[in-house]
1. Looking only at the stretch 55-85, count how many residues are more than 12 Å from ligand 3 (Cβ to nearest atom), polar (S, T, N, Q), under 18 Å from PHE38 (Cα atoms) and surrounded by fewer than 17 Cβ atoms within 10 Å (Cβ to Cβ).
2. For the stretch 17-43: of the residues being in contact with a helix residue (DSSP H, G or I) (Cβ under 6 Å, 6 or more places away or on another chain) and more than 20 Å from PRO68 (Cβ to Cβ), which is nearest to ligand 3 (Cβ to nearest atom)?
3. Provide a single number: the residues in the stretch 86-106 that are surrounded by fewer than 19 Cβ atoms within 10 Å (Cβ to Cβ), aliphatic (A, V, I, L, M) and either within 11 Å of ligand 3 (Cβ to nearest atom) or closer than 15 Å to SER21 by Cα (or both).
4. Counting residues that are more than 16 Å from ligand 2 (Cβ to nearest atom), which strands (runs of 3 or more DSSP E) fully inside the stretch 26-117 reach at least 2?
Amino acid sequence: MLTLATALSLGLLAASATAQSGTGTLFNFIPGLGACGFTNTSDQFVALVSSKTFHSFPGSGANPNTNPICTHNLTVSFNGKNVSAQIVDLGLDAPDDNVGFSPAAFEQFAPPVQGIVQNVIWTID
Ligand SMILES: *[C@@H]1O[C@H](CO)[C@@H](O)[C@H](O)[C@H]1NC(C)=O
Ligand SMILES: *[C@@H]1O[C@H](CO)[C@@H](O)[C@H](O)[C@H]1NC(C)=O
Ligand SMILES: *[C@@H]1O[C@H](CO)[C@@H](O)[C@H](O)[C@H]1NC(C)=O
């Protein structure tokens, strides 16, 4: 029983350490060369997270190019719709719970000229 309980709690700890989510403002950004070292364009489904979210991701080190977050998607939920895009950058000035989508991904929720969508729920897959 103790072994099972220990294994279970370790599993739960591992799951909660990797699952990241929040509620914040989604903003539209124009991708280019990002912190992950990729060069992306506005027609691609790419995302950014705040500096804090980026650097607190498990496995994050000194080199942002090798941050494991760069292999994950950000899923944004709003009005019953989920849109996923690859995390490629961080927003240095972004408040901790804000996230960004490239125009192609952002326009699934609102016209990019609108700039922001408030109160979205996001998760890192
Ligand atoms: C972003 O750019 C990288 C490097 O060019 C590429 O491998 C990746 O597929 C791009 N992401 C998307 C969602 O197109
Ligand atoms: C959207 O994502 C949320 C949070 O990850 C999840 O609970 C929900 O089931 C998803 N909805 C759809 C329609 O995929
Ligand atoms: C990430 O999102 C893209 C675009 O929505 C999707 O094509 C891809 O399968 C997702 N990748 C993962 C690992 O979920």
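Just so it is clear, none of the values below were taken in a lab; they were calculated from the coordinates. It should be emphasised that the depicted structure is a prediction, and the values quoted were computed from it without experimental measurement. Positions of Cβ are backbone-derived with ideal geometry, glycine not excepted, and every protein chain shown enters the neighbour counts.
1. Going through the stretch 55-85 one residue at a time, the tally reaches 4.
2. Per the criteria, the residue is ASP43.
3. Summing the residues that are surrounded by fewer than 19 Cβ atoms within 10 Å (Cβ to Cβ), aliphatic (A, V, I, L, M) and either within 11 Å of ligand 3 (Cβ to nearest atom) or closer than 15 Å to SER21 by Cα (or both) in the stretch 86-106 gives 1.
4. On the way: elements: 46-50, 73-78, 81-91, 99-101.
The strands (runs of 3 or more DSSP E) meeting that bar are 46-50, 81-91.
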